[in-house]
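These notes concern the structure reproduced below.
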Amino acid sequence: MNTPLDLSALDIAPFRARRERLLAHIAAQGGGVAVVPTAVERARNRDTSFPFRYDSYFHYLTGFGEPEAVVVLVAGDTPKSILFCREKNEEREIWDGYRHGPDGARERFGFDEAYTIGDLDLRLPELLANQPVLWCSLGYDNDWDARVLRALNAVRANARAGTVPPHSIRDVRAELDEMRLIKGASELAVMRRAGEISGAAHRRAMAATRPGKYEYEIEAELIHHFRRAGSQSPAYPSIVASGANACVLHYVENDCLMADGDLLLIDAGCELDGYASDITRSFPVNGRFTGPQRDIYELVLAAQTAAKAEIRPGSHWNAPHDAAVRVLAQGMLDLGLLIGTLDTVIEEGHYRRFYMHRTGHWLGRDVHDAGEYKRDGDWRPLEPGMVLTVEPGCYIRPASDVPQAFWNIGVRIEDDAVVTADGCEYITESAPRTVADIEEAMREGRDGA
């Protein structure tokens, strides 16, 4: 018989507090029932599934990592949280691993009630009856949508008996997005550790890189360090792009031979206990920047520095992007990549030829995390506890009007920033960032080898 997973380090207090906070939000808006399912297991091929990864919203509220689970939160005078999960089954545990079962899950994760997932279709109509609002998310999974609608129709079918169905459906994710946007102390502690692990993995990758190796060999170095340091997986498919591949923003094949004189762009981060990190570094395969490579790298680094200076409470979301664009556009003019005036290059968007993405995004349980970027049509102000990436770049494809010395140079520098009371904190400092630090890390790697 399999023994329980070691969850002794899991503090359920933050999860319980989030459920209570969401219940209070719902009660303040008239009450109702929230229903949040975890992710669905997906088949990879004939008899193998993709590794299961729980739904971020569900896990944010529960801390429960098993598949086939739903949490129901009932607001009102006596609010309660109810978990539906897989039953205990000794035979399946022999094959697939430990299951908490309803009783074990209720006790370990602090639910008021717990039932088997097979009871959901019977109990959900009872829980929805005479409730004013159903809080859920429709449109993400057709099978789940159909299941919720069947429960609603079951309530409506009892109308002659005086049962009243919810009169409206509201998106529970909108409430959860706002909650997830501001990270608590326990969340930030995990994200700092994830940043440390990922930064050290980038340093390891720099030390291992040299001409004649394949991109996937460097990807293997990243994954090795992620897992060795306790991360469960990469937070997203790693980008290990050398030469011209670095000018493909979402290149993930990672199968090319790295050549002397190329730059290597690595965009990779680990996921730790449900939270993502996201780091990009760009460096020379042979360990030494050429003059043109250094020029572009220093330009992007200056843009990142300017963006970071705009991250503080009260500054609006787009301020870091505006600052980075201004530095990049001026640099493109100075290097002969563009012609015209700075204001014209920015206003008419000419800089987008070489810098076509935004300077950052929210970061948290998802790499592109939950949370709106605007409120009432205006960029939202930054607040302590928000976490965002800072990732300017410059990507130069061959063209007749571009100096040949810059062809196929792709540079992006990305770090993860926590908004603090008086500015911001980079939590990815363990990854070398300056030209001098990168070249030293690569030199030390070669000396060590």
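The values are calculated or read from the model by the stated rules, or taken from the named source; none is laboratory data. Predicted, not measured: the structure shown is a model, and the values here were computed from it. Please note: Cβ atoms are built from the backbone with ideal geometry, for glycine as well, and neighbour counts cover all protein chains shown. The area values use the complete protein model at the heavy-atom level, side chains included, leaving out ligands, DNA and RNA. Shrake-Rupley method; radii C 1.70, N 1.55, O 1.52, S 1.80 Å.
Taking a ≥ b ≥ c as the square roots of the eigenvalues of the Cα gyration tensor, region 182-319 is oblate, since a/c reaches 1.5 or more and a/b is not larger than b/c.
Quick one: net charge of residue 11's neighbours, Cβ under 13 Å, K/R +1, D/E -1? Once positives and negatives cancel, what remains is +1. Dipole magnitude for region 251-343: about 400 debye, using +1 per Lys or Arg Cβ and -1 per Asp or Glu Cβ, origin at the Cα centre.
Legend: calculated FRET efficiency, residue 153 to residue 257, from the Cβ-Cβ distance at R0 = 56 Å, rounded to 0.05, equals 0.40. Within the accessible surface of the chain, defined with a 1.4 Å probe on protein heavy atoms only, the carbon and sulfur portion equals 49 percent. Think of a 1.4 Å ball rolled over the protein heavy atoms: region 348-425 then has 42 Å² of accessible area per residue. Note on the chain: the alpha carbon radius of gyration divided by the globular reference 2.2 N^0.38 Å gives 1.12. Residue-wise HN-Hα couplings along region 430-441, as the Karplus relation 6.51 cos²θ - 1.76 cosθ + 1.60 with θ = phi - 60° gives them from phi, are 6, 8, x, 10, 7, 4, 4, 5, 5, 5, 5, 4 Hz; Gly and Pro carry x. Proximity of backbone amide H atoms, modeled 1.01 Å from N, is registered between residue 261 and 285, 286 at under 5 Å, excluding neighbours fewer than 5 places apart on the same chain. Count neighbours as other Cβ atoms within 10 Å of each site's Cβ, and list the GluC sites (Glu not before Pro) in region 341-412 that are DSSP loop with at most 11 such neighbours. When the GluC sites (Glu not before Pro) of region 341-412 are filtered for loop state and at most 11 Cβ neighbours within 10 Å, 348 remain.
Residue 407 contributes about 90 Å² of solvent-accessible surface, heavy atoms of the protein only, 1.4 Å probe.
Relative intensity of region 373-438 on a log10 scale, I(q)/I(0) at q = 0.15, 0.20, 0.21, 0.29 Å⁻¹, equals -0.72, -0.90, -0.93, -1.22, per a Debye sum over C-alpha point scatterers of equal strength in the absence of solvent. The residues of region 204-330 expose, per residue, 36 Å² of accessible area to a 1.4 Å probe.
Can you give me the angle between helix 319-334 and the longest principal axis of the chain, using Cα atoms only, in degrees from 0 to 90, rounded to the nearest 10? So the inclination is approximately 20 degrees.
Hull volume per residue, based on the alpha-carbon atoms of region 132-261 and their convex hull, is 173 Å³. Which of the trypsin sites (Lys or Arg not before Pro) across region 1-93 are loop residues per DSSP, with 13 or fewer other Cβ within 10 Å? Counting only loop positions with at most 13 other Cβ atoms within 10 Å, the trypsin sites (Lys or Arg not before Pro) in region 1-93 are 42, 46. Couplings 3J(HN,Hα) for region 286-291, derived from phi with the Karplus relation 6.51 cos²θ - 1.76 cosθ + 1.60 (θ = phi - 60°), are 8, x, 9, 5, 6, x Hz, where x marks Gly and Pro.
Please list the non-local residues whose amide H lies under 5 Å from the amide H of residue 315, H modeled 1.01 Å from N, same-chain partners needing a gap of 5 or more. Amide H to amide H, under 5 Å and 5 or more residues apart or across chains, residue 315 pairs with 382. Just to confirm a number: summing +1 for Lys and Arg and -1 for Asp and Glu over residues other than residue 29 whose beta-carbon lies under 14 angstrom from that of residue 29, what do you get? Charge balance near residue 29 sits at -1. Projecting the Cα positions of 235, 165, 70 onto the charge dipole of the chain (unit charges on Cβ atoms of Lys, Arg, Asp and Glu, taken about the Cα centre) puts 165 furthest along the positive direction. Excluding same-chain neighbours fewer than eight residues apart, the lysines reachable from residue 183 by a Cα-Cα span under 26 Å are 80, 308, 374.
Protection proxy ranking of 233-239, 301-307, 185-191, by the mean of other Cβ atoms within 10 Å over each peptide's residues and highest first, is 301-307, 233-239, 185-191. Per residue, region 1-144 exposes 52 Å² of solvent-accessible protein surface, assessed with a 1.4 angstrom probe and all protein chains in place.
In plain terms, if you count all Cα to Cα distances in region 167-240 and split them into 5 Å steps from zero, the share in each step is 3, 13, 19, 15, 12, 11, 9, 7, 5, 3, 1, 1, 0, 0 percent. Karplus-derived 3J(HN,Hα) values for region 131-138, using 6.51 cos²θ - 1.76 cosθ + 1.60 with θ = phi - 60°, are 9, x, 9, 9, 9, 7, 10, 9 Hz; glycine and proline are entered as x. If you take the square roots of the eigenvalues of the alpha-carbon gyration tensor of region 267-373 and sort them as a ≥ b ≥ c, do you get rounded (a/c under 1.5), prolate (a/b over b/c) or oblate? Taking the square roots of the gyration eigenvalues as a ≥ b ≥ c, region 267-373 is oblate.
The convex hull built on the alpha-carbon positions of region 312-421 has an orientation-averaged projected area of 7.9 nm². Among 56-68, 111-123, sorting by the average number of other beta carbon atoms lying within 10 angstrom of each residue, highest first, gives 56-68, 111-123.
Only Cα sites of region 73-209 enter the Debye sum here, all with the same form factor; the resulting log10 I(q)/I(0) across q = 0.13, 0.17, 0.18 1/Å is -0.83, -1.12, -1.17, listed in q order.
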